[in-house]
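Engineer: Input: one structure, supplied below.
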Amino acid sequence: MGKQELLELRNKSLVAPADLMNMLQSDSPPSILAVQSVCPYTGRDSQCGRWIPGAVDAEAYSDFAAKATATSGDRPLPDIDNLQEAARSWGLSHNRTVVLYDSDRSLTAARGWWVLKWAGLSDVRVLDGGLSGWLAENLPVSRERASASSSLIDLAPGNMPEFGADQARYFVREGVLLDSRIRPNYIGGARTGGDPKRGHIPGAVSAPTLDNVTDHGYFTDSATLGELYLGYGVDGKRPVGVYCGAGMSAAHTVLALASIGIDASMYPGSWSQWVSDPRRPVRRGAIP
């Protein structure tokens, strides 16, 4: 695949800061969502008092996920009526590009991207490099959060490929099942006597999602992403499934794959749902 074709594919899912600035100055500027969150692992709040001009706040763990239940996983997909209400308050419409960004290597923005695509929005992109990339290029910021005129958008679920626990073995057997969590969670400790809630789905390949990005938070170049995933067995011919802990970093990997022209299915319940049933097998160690 040539450089121009790779760039065109990438631009369907990701937008560079300078390109977003040009879009904002056009006759048809995009809707921009600043995906805010308090990191559940570190307690770090993404609010920093700076916004890309025109950006409307969205909340990663309430707008793009529902509350956990005993069997659904930690971050199940949102109720479509609640998501539609939020989308209307953000002023989203089907004929306007939506760009999402965050302050954490696109991890929460990618979840928002996946959920909005799942709900039927066709032109949704993530700002490559996020707010850090925008600031690094000395582009303008606002010190006040924006508000949007409400819309009457209608949303419907089911517009992105997804799978559940019963289908995981299909990807192991017929394609590639990627585990996008950090390696320690995949390995899970000792093969015997380790934490039964850590480990991986038997046959899943460890593919940490943070390998998708550079140290500065930009997605790595498309040619390198292609080589990375080819090394995991993703050749563009076999089906690909992705899971993580609770459907956040898996969305990041689905986004990275989309940027190089590979469609992948996501397991929304992911590992947190998988281990809710003690009958499901758990493998520990570094080998799939």
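Engineer: Apply the Karplus parameterisation 6.51 cos²θ - 1.76 cosθ + 1.60, with θ equal to phi minus 60°, to every residue of segment 63-78 and state each ³J(HN,Hα) to the nearest whole Hz, in sequence, with x for glycine and proline.
Structural biologist: 6, 10, 7, 9, 5, 5, 10, 5, 10, 8, x, 6, 9, x, 4, x
Engineer: Under a Cβ-only charge scheme (Lys and Arg +1, Asp and Glu -1), can you give me the dipole magnitude of the chain about the Cα centre, in debye to the nearest 20? Each step should come with its number before you reach the end.
Structural biologist: Values: 28 positive and 31 negative charges, 204 e Å.
Taking the Cα centre of the chain as origin, the dipole is about 980 debye.
Engineer: What pairs in LYS67/LYS237; LYS3/LYS237; LYS3/LYS197; LYS67/LYS197; LYS3/LYS67 have C-alpha atoms more than 31 Å from each other? Show your work: numbers first, answer last.
Structural biologist: Values: LYS67/LYS237 36 Å; LYS3/LYS237 21 Å; LYS3/LYS197 43 Å; LYS67/LYS197 20 Å; LYS3/LYS67 42 Å.
Exceeds cut-off: LYS67/LYS237; LYS3/LYS197; LYS3/LYS67.
Engineer: Continuing with this model, one more query. For VAL99, what residues show an amide H to amide H distance below 5 Å, using hydrogens built from the backbone and excluding near sequence neighbours?
Structural biologist: SER31, ILE32, LEU33, ARG125
Engineer: Alpha carbon centre of segment 1-41 versus segment 48-114: separation in Å?
Structural biologist: Taking the Cα centre of each part, segment 1-41 and segment 48-114 sit 16 Å apart.
Engineer: Something else about it: Might you tell me the accessible area per residue for the chain, computed with a 1.4 Å probe and given in Å²? Kindly include the intermediate steps, with their values, before the conclusion.
Structural biologist: Numbers: 13280 Å² over 288 residues.
Per-residue accessible area for the chain comes out at 46 Å².
Engineer: Any chance you could look up the accessible area of GLU5 with a 1.4 Å probe, heavy atoms only, rounded to 10 Å²?
Structural biologist: Per-residue accessible area (GLU5): approximately 90 Å².
Engineer: Residue by residue through segment 20-37, which ³J(HN,Hα) values in whole Hz follow from phi under the Karplus form 6.51 cos²θ - 1.76 cosθ + 1.60 (θ = phi - 60°), with glycine and proline marked x?
Structural biologist: So the Karplus estimates, Gly and Pro as x, are 5, 4, 5, 5, 5, 8, 8, 6, 10, x, x, 7, 10, 10, 8, 7, 9, 6 Hz.
Engineer: Which value, in Å² rounded to 10, gives the accessible area of MET23 with a 1.4 Å probe and all protein chains present?
Structural biologist: 40 Å²
Engineer: Okay, next question. Apply the Karplus curve 6.51 cos²θ - 1.76 cosθ + 1.60, θ = phi - 60°, to the phi angles in segment 84-99 and return the couplings in whole Hz, x for Gly and Pro.
Structural biologist: 4, 4, 5, 4, 5, 5, 7, x, 6, 9, 6, 9, 9, 4, 10, 10
Engineer: Moving to a separate point now. Quote to one decimal, in nm, the extra length available between ALA156 and ALA68 on full extension: 0.36 nm per residue of separation minus the C-alpha distance between them. It would help to have the intermediate numbers written out before the result.
Structural biologist: Values: separation 88, 0.36 × 88 = 31.68 nm, distance 2.13 nm.
Between ALA156 and ALA68, full extension yields an extra 29.5 nm.
Engineer: When a/c is below 1.5 the answer is rounded, else prolate if a/b is larger than b/c, else oblate, so apply that to the chain with a ≥ b ≥ c taken from the square roots of the Cα gyration tensor eigenvalues. Could the numbers behind the result be given before it?
Structural biologist: Values: a/c = 1.75, a/b = 1.48, b/c = 1.18.
Prolate is the answer for the chain, as a/c is 1.5 or above and a/b outweighs b/c.
Engineer: Can you give me the relative contact order of segment 146-247 as a percent, contacts being Cα pairs under 8 Å and 6 or more apart?
Structural biologist: Details: 95 pairs, mean separation 35.2, N = 102.
Relative contact order of segment 146-247: 34 percent.
Engineer: Separate question: Calculate how steeply helix 107-118 sits against the longest principal axis of the alpha-carbon atoms of the chain, using the helix alpha-carbon long axis, and give the answer as 0 to 90 degrees to the nearest 10.
Structural biologist: Orientation of helix 107-118: about 90 degrees from the principal axis.
Engineer: For segment 86-202, rounded, prolate or oblate, judged on the Cα gyration tensor with a ≥ b ≥ c (square roots of eigenvalues), a/c < 1.5 rounded, else prolate if a/b > b/c?
Structural biologist: Working: a/c = 2.91, a/b = 1.62, b/c = 1.79.
Taking the square roots of the gyration eigenvalues as a ≥ b ≥ c, segment 86-202 is oblate.
Engineer: Moving on. Calculated from DSSP H runs of 4 or more alone, at -39500 (n - 2.57) each and per residue, what is the 222 nm mean residue ellipticity of the chain, nearest 500?
Structural biologist: -8500 deg cm²/dmol
Engineer: Related question: What do you reckon, how do LEU178, LEU152, LEU77 stack up by accessible area (1.4 Å probe), largest on top?
Structural biologist: Details: LEU178 0, LEU152 150, LEU77 35 Å².
If we order LEU178, LEU152, LEU77 from most to least accessible, we get LEU152, LEU77, LEU178.
Engineer: Roughly to the nearest percent, how much of the accessible area of the chain is carbon and sulfur, given a 1.4 Å probe? Please report the intermediate quantities before stating the final value.
Structural biologist: Values: 6530 of 13280 Å².
Roughly 49 percent of what the probe reaches on the chain is carbon or sulfur.
Engineer: Going by amide H atoms built from the backbone, whose H comes under 5 Å of the H on LEU178, apart from near neighbours?
Structural biologist: Counting only residues 5 or more places away or on other chains, the set is VAL205, GLY241, VAL242, TYR243.
The values are calculated or read from the model by the stated rules, or taken from the named source; none is laboratory data. Quick caveat: nothing in here was measured; it's all calculated off a predicted structure. Positions of Cβ are backbone-derived with ideal geometry, glycine not excepted, and every protein chain shown enters the neighbour counts. For accessibility, only protein heavy atoms count, side chains too; no ligands or nucleic acids. Shrake-Rupley method; radii C 1.70, N 1.55, O 1.52, S 1.80 Å.
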